[in-house]
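Below: the structure, in C-alpha cells.
All of the numbers you see were taken from the coordinates with simple rules; none came from a lab. Predicted, not measured: the structure shown is a model, and the values here were computed from it. Using ideal geometry, Cβ is built from the backbone for each residue, glycine included, and neighbour counts are taken over all protein chains shown.
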Amino acid sequence: MFSFHVFDPMTRGFQNRFSTQYRCYSVSMLAGPNDRSDVEKGGKIIMPPSALDQLSRLNITYPMLFKLTNKNSDRQTHCGVLEFVADEGICYLPHWMMQNLLLEEGGLVQVESVNLMVATYSKFQPQSPDFLDITNPKAVLENALRNFACLTTGDVIAINYNEKIYELRVMETKPDKAVSIIECDMNVDFDAPLGYKEPERRPQHQEEPDEEEADVSSYADMDTGFRAFTGSGNRLDGKTKGIEPSPAPLGPSDIKRGIPNYEFKVGRITFIRNSKPQPKKFVEDDDALNRFIAFSGQGQSLRKKGRKP
C-alpha cells in the first residue's frame, strides 16, 4: 500500500509562526553590570537566546515584530525585540508595557510573531497638561519613537525628555489598530491633554457699566465755586456780633457735574468754549425790529397844541 503526504499551506504557515510563553520581569530585574535604562525609553523587549535559534529556523519576515498577550486579563500589545540575552524562560519588558498588560513581576505572557502594516497616521493624547510646556512636541515625539518598533491603539507609551517622563495614549493608528513605525512616513496629530481647560477669552472692548445716580449729599463738601452772599461782614465799631456768615444750604440745583468727552482721542487736544445759545424769544424780538413795515412811522407837528384851562 502506498501512503501520500498531502501538502497543506495553512499547516505550514502555522508551523512557521513563533509562539511561546515566558515569565516576564521589568528591566530593573535584569542582572548585569551595565545599566539597561535605555530599554525603558522604547518599545522593545529582551528575549532569551533560544528564541533567536527558533526564529532563525522559521521563515520569519524582518523586522521581527511580536504580539504580547496576557490571557488572564485579555490585554494585548505589540513590540519589537532589542537583544537575545535574557535567561531561558524569561523575557524583560519596559515598565509601561507591563502596566498596559496588567502584568506583575513573574507573570506569564504569550509571545507570538506577527506581520504588521506600515503606519501612515497616528494620534496621541498627552496624559498631563505639562506636555504643553515642550517647545516643539512633534520633534520630541519623533526622536522618542526611534526606539519603538510598532504602535497599538489604546496603549499608553512613556517617553523621556529633560529627565522627565511624559505619558501619551495612542488614540488612533492607520491603516490598522496595530502598525509598524520602522522606516515609515507617518503623520502625527495631538489631541487635547487630559485635564486641559481652555482659557476664557475676554472681549476686546469691554462695555463700561452705566453710571449710577450719585447721592447729592456726597458733593456737599466739594468746592463749587462762587456763591453769592456767603461772605462775612465787618462793623465800623469793631464788634463781631452778628457778622458770622450764614450761607444758604446747598441744593441739588447748585451742583454742576462735568460732562466727559466721549470722543476723546489720544494725542488730540480739544478746546471747549462755554458759549450759551441766545434764547429764542430775544431772537424773535430782534427779527421783529428789523422787519420793515410801510407807513408805520410817527409824525411830528410844528404847531404845539395848548392845554385847555
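Expressed to the nearest 5 percent, the antiparallel share of DSSP beta bridges inside the stretch 12-161 is 70 percent. Among the trypsin sites (Lys or Arg not before Pro) in the stretch 62-139, those placed in a DSSP loop whose Cβ has at most 13 other Cβ atoms within 10 Å are Lys71.
Here the stretch 26-108 carries DSSP beta bridges of which approximately 65% are antiparallel, counting only pairs with both residues inside.
Phi-derived couplings, Karplus 6.51 cos²θ - 1.76 cosθ + 1.60 at θ = phi - 60°, listed residue by residue for the stretch 171-181: 7, 7, 9, 10, x, 9, 6, 10, 9, 9, 10 Hz, with x used for Gly and Pro.
Annotation: average projected area of the stretch 25-151 is 9.3 square nanometres, based on the convex hull of Cα atoms across all directions. Proximity of backbone amide H atoms, modeled 1.01 Å from N, is registered between Val85 and Met47 at under 5 Å, excluding neighbours fewer than 5 places apart on the same chain.
Test of understanding: what is the full-extension gain from Ile182 to Asn162, defined as 0.36 nm times their sequence separation minus their Cα-Cα distance?
Full extension of this stretch gives 4.7 nm more.
Multiplying the residue separation of Gln110 and Lys265 by 0.36 nm and subtracting their alpha-carbon distance yields 48.1 nm.
Pairs from the list Lys44/Lys123; Lys67/Lys164; Lys41/Lys123; Lys138/Lys174; Lys174/Lys197; Lys123/Lys197 with a Cα-Cα gap above 25 Å: Lys67/Lys164; Lys174/Lys197. Report note on the peptides 139-146, 184-191: ranked by the mean count of other C-beta atoms within 10 Å, highest first, their order is 139-146, 184-191.
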